[in-house]
Structures are given as structure tokens and as C-alpha cells.
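Nothing in this text is a laboratory measurement; each read-out follows from the coordinates by a stated rule. What you see is a predicted model, and the numbers here were worked out from it, not measured in a lab. Backbone-built Cβ (ideal geometry, glycine too); neighbour counts: all protein chains shown.
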Amino acid sequence: MLEIFFPKLVVDSIEDINLDILRRNNIKALIIDIDNTLVAWDIKEADEKSMRWIEYLKNQGIKICLVSNNTEDRVVKFNEKLKLYAIHRANKPRRAPFLKALSYLKTKPEETAMIGDQIFTDVWGGNRLNMFTILVTPISPKEFPFIKVKRFFEKMVMKNYKKKLEQR
Ligand SMILES: [Mg+2]
């Protein structure tokens, strides 16, 4: 029952996601969350580290679309230098923003990875469309109270997830 919330892969940070992992799983494109996945939620622009990682994947032919529930201002500013496809006010985990991203990327859901730090938006949304979901550890521990509530339930899901991994 909880499996719809389980990521296919868990990593510490985006830099752990390399070409090898993507090729092994037949991934041709990425849908990436911004806040607490690429940068802390209060950092306005893409930093060196995430820029370098994105450039590296882009140069290898991996297509990328940013999908954020944050505002247009936030997403446009963040994407200024990156110039990626980007969707703001996405309302993840609803299907619509993911379908829109897939239409930009021109890939099938199975060839597309959804990368994000939240189970109930990023992972759930990606799983609903049968994408390859990758959960990253949130960059900043500073978060809004409503997200902290969600983190409590995320912990419960991850406890079950780990139990299931151990049973394999
Ligand atoms: Mg996030």
C-alpha cells in the first residue's frame, strides 16, 4: 500500500547521480525539483556545484526540465543562467505538470527520472506516472512548519521502505 511512496533510488545528493546510474536504468531525461534538491530553498540562484552537475549531464545528452511548486519569480530567476525547460507552481504530486514536462522532454515516463527531496510531492508524483524516482536528502534543515509535518510522515514511509529492502 505504501509502495506508491517508495523511491526507486535514494541518494545523499544530486552529485551522486551519475551517467552510469542513468544508463543502467535506461534514463534519457530528468525532471528535477529545485528547493532543497538543487539548492537550499532560500538560495535564489543556481550555485557552482549544481551548475556543473547539470552541464555535465546536458553535455552527455541528458535532457532536463525543472518542475517546482514554487512561484514563477523563484523559478525564472533560478533558471536564468541554466536555461532549462522549467515549470513553476506545478502542484506536484498532480499528474499535469509531469505530463507537461514529458511533452517538453519528448521521453516516455519509463525513460525519465524524477529527482526530488520530498516523498509526497516528488516521489509520489513521479511514481504515479511510472517514472524512475530518486529521493535526495534535503539540503537545508531550515524548513517551513508545514513541511516539517510532512517530514514526520516521510520518516514513517522510509521506515517501511527500509524494512522492505531488508526483506529482499
Ligand atoms: Mg523540494
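For the range 44-75, run through the trypsin sites (Lys or Arg not before Pro) and keep only the ones in DSSP coil with at most 16 other Cβ atoms within 10 Å of their Cβ.
LYS44
List, in the order given, every pair from LYS8/LYS100; LYS77/LYS148; LYS44/LYS148; LYS81/LYS148; LYS81/LYS142; LYS108/LYS159 whose Cα-Cα distance in the structure shown is over 28 Å.
Too far apart for the 28 Å limit: LYS81/LYS148; LYS108/LYS159.
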Checklist entry - With charges only on Cβ, +1 for K and R and -1 for D and E, what is the dipole size of the chain about its Cα centre, in debye, rounded to 20? => result 580
Checklist entry - If you find the alpha carbon centre of the range 92-168 and of the range 34-55, how far apart are they in angstrom? => result 18
Checklist entry - Considering the chain as a Gaussian network with a 10 Å cut-off on Cα pairs, which listed residue, GLU143, GLU48, GLU72, attains the greatest mean-square fluctuation? => result GLU48
Checklist entry - Taking the chain as the region of interest, what is the percent of Cα-Cα pairs per 5 angstrom bin, listed from the shortest bin to the one with the maximum distance? => result 1, 9, 19, 23, 23, 15, 7, 2, 0, 0
Next on the checklist: Below 8 Å between Cα atoms, with a sequence gap of 6+, how large is the relative contact order for the chain in percent?
Outcome noted: 30
Checklist entry - Hey, what number do you get for the chain at 222 nm if only DSSP H runs of n ≥ 4 count, each worth -39500 (n - 2.57), divided across all residues, to the nearest 500? => result -11500 deg cm²/dmol
Item to check | Spatially proximal aspartates and glutamates relative to LYS155 (Cα-Cα < 13 Å; intrachain offsets below 8 disregarded) | outcome: ASP117
Item to check | Label-point gap, in nm, between ARG168 and LYS8 - each point 7 angstrom along Cα→Cβ | outcome: 1.2
